[in-house]
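Only one structure is covered here, and it is reproduced in the block below.
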Amino acid sequence: MDSGCVFCKIAKGEAWAAKVYEDGDYVAFMDIRPMSVGHTLVAPKKHYAYIFEMPDEEVGRLYAVAAKVAKAVKLSINPAGLNLLQNNGSAAGQVIFHVHVHIIPRHVGDAGKFKSGHGRINASREELEETASRIRKSLGGVT
């Protein structure tokens, strides 16, 4: 763990997050500046700045958890589509230097918003918690 990393703090329960999923090695929670309602992040609890630092089996498990959470996001939010996105380095758009996968619900007609990079919405903690609750309930139906 990196003591200055906000995602490490979330993983240890030292920082607030609207959590969707958690096991011994991975955590999924709502993005606090979402691109759309349901924008969820999946991260390993162990600190890695970049995906190429992770052992292959941990990358595989990260994506297995991301797929499970993505299915629950699809069930609960019912978007027209989903992006699963993973950035490495500033040039690729990485802002938090702790590996994570974005699950971003997409809707017909939102392409311009995403191309501009200015599509983030403001969501209150209450709204994030409500969305996280919907996704958590849908996780029960995911196989």
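Here, each number is a calculation from the coordinates, and none is a lab measurement. Being a predicted model, the structure only gives us computed values, none of them experimental. Neighbour counts run over all protein chains shown; Cβ positions are idealised from the backbone, glycine included.
Tabulated values for the structure
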| read-out | value |
| --- | --- |
| Expected 222 nm ellipticity per residue - DSSP helices of 4 or more, -39500 (n - 2.57), all of the chain, to 500 | -10500 deg cm²/dmol |
| Cα-projected label distance for Ile96 with Ala49, points at 7 Å along beta-carbon direction, nm | 1.7 nm |
| Charge dipole magnitude, Cβ of K and R +1, D and E -1 - region 6-139, Cα centre, debye nearest 20 | 340 debye |
| Fewest-first sequence of Asp56, Asp25, Asp110 by Cβ atoms within 10 Å of each Cβ | Asp56, Asp25, Asp110 |
| The chain: relative contact order as a whole-number percent, Cα under 8 Å and 6+ apart | 31 percent |
